[in-house]
1. Mind counting the residues in the range 50-92 that are hydrophobic (A, V, I, L, M, F, W, C), more than 19 Å from VAL107 (Cβ to Cβ) and either in a loop (DSSP other than H, G, I, E, B) or at pLDDT below 95 (or both)?
2. Of the conditions (1) touching a residue at least 12 places away in the same chain (Cβ under 8 Å); (2) over 14 Å from the mean Cα position of the chain (by Cα), PRO109 fails just one. Which one is it?
3. Is there a residue in the range 76-84 that is more than 26 Å from LEU41 (Cβ to Cβ) and of a type in the set (Phe, Trp, Tyr)?
4. Check the range 160-176 and report whether any residue there is farther than 22 Å from ALA44 by Cβ, assigned to a loop (DSSP other than H, G, I, E, B), modelled with pLDDT of 95 or more and not basic (Lys, Arg).
5. For ASN8, only one of the following conditions fails: (1) surrounded by fewer than 17 Cβ atoms within 10 Å (Cβ to Cβ); (2) of a type in the set (S, T, N, Q); (3) touching a residue at least 12 places away in the same chain (Cβ under 8 Å). What is its number?
6. What do you reckon, is ASP126 over 13 Å from the mean Cα position of the chain (by Cα), in a helix (DSSP H, G or I), of a type in the set (Asp, Glu) and at pLDDT below 95?
7. Quick check on this structure: which one of VAL70, VAL64, VAL96, VAL59 is β-branched (Val, Ile, Thr) and farther than 20 Å from ILE133 by Cβ?
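The values are calculated or read from the model by the stated rules, or taken from the named source; none is laboratory data. In this text, all values refer to a predicted model and were calculated from it rather than measured experimentally. Here the Cβ positions follow ideal geometry from the backbone for every residue, glycine too, while neighbour counts run over all protein chains shown.
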Amino acid sequence: MQQPDFFNKPDGRSAILLPSGFVFDLANPDASGLPIEDIALCLASQPRWGGAARPWYSVAEHCVMASHLVAPELAYSALMHDCEEFLGDWPSPVKVLLGRDFVKNAVKPIKDALRREFGFQDEHPDIKHADLICMATELRDLLPAAWMEWGHLPAPVESRIVPLGPDRAYELFLERYKQVKHLALPPKKKRARKASVKT
């Protein structure tokens, strides 16, 4: 559990309260001590596709699927690739509307804090490709047919998606996490501040 700083209380307008009581300050991102259960529960509660997928399908299930579509050594990072979406899952067209670079730069300090705490590196082309395979499979299995161009997507996987619902998605994410967490990178030590020398 995160220890409160009685002299620097996070502002409720810029900090997120998570299920365990952990306070994640978006203005000063630090994920030290953040329980993985918080990430799992939030991702299991977040719908993919802005809630348009039917049956209802969670970000947690999407992440588990991605972790099975990469080489074994990338499975952990693929599982964690969308962990910042405990803040919510914005569909890609919304990011394009707001400015993809703007959104990416705004979220980067938060994602970097999560990378440091949980020890993953998801900026790998094979993980991006797995993400697109998931997207293509979700489109086939969970979204209505529509007159839209999806030419940038690879072929979906053969097996069909059967959504599990939020409770089972939470359990599934944690089960997969326990299977692959040995692949986590060692935690990076924070640099000690140099003491000022008075002359």
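1. Applying the first criterion (hydrophobic (A, V, I, L, M, F, W, C)) to the range 50-92 yields 52-53, 56, 59-60, 63-66, 69-71, 74-75, 78-80, 83, 86-87, 90.
If we keep only those that are more than 19 Å from VAL107 (Cβ to Cβ) as well, we get 52-53, 56, 64-65, 69-71, 74-75.
Checking which are either in a loop (DSSP other than H, G, I, E, B) or at pLDDT below 95 (or both) leaves us with 52-53, 56, 69-71.
So the count comes out to 6.
2. All conditions are met except number (2).
3. Step one: of the range 76-84, the residues more than 26 Å from LEU41 (Cβ to Cβ) are none.
Within the range 76-84, not a single residue is more than 26 Å from LEU41 (Cβ to Cβ) and of a type in the set (Phe, Trp, Tyr).
4. So the first thing to find is which residues in the range 160-176 are farther than 22 Å from ALA44 by Cβ, and the list is none.
No, the range 160-176 contains no residue that is farther than 22 Å from ALA44 by Cβ, assigned to a loop (DSSP other than H, G, I, E, B), modelled with pLDDT of 95 or more and not basic (Lys, Arg).
5. With (1) surrounded by fewer than 17 Cβ atoms within 10 Å (Cβ to Cβ); (2) of a type in the set (S, T, N, Q); (3) touching a residue at least 12 places away in the same chain (Cβ under 8 Å) applied to ASN8, the lone miss is (3).
6. For ASP126, the condition - over 13 Å from the mean Cα position of the chain (by Cα), in a helix (DSSP H, G or I), of a type in the set (Asp, Glu) and at pLDDT below 95 - is not met.
7. The unique qualifying residue is VAL96.
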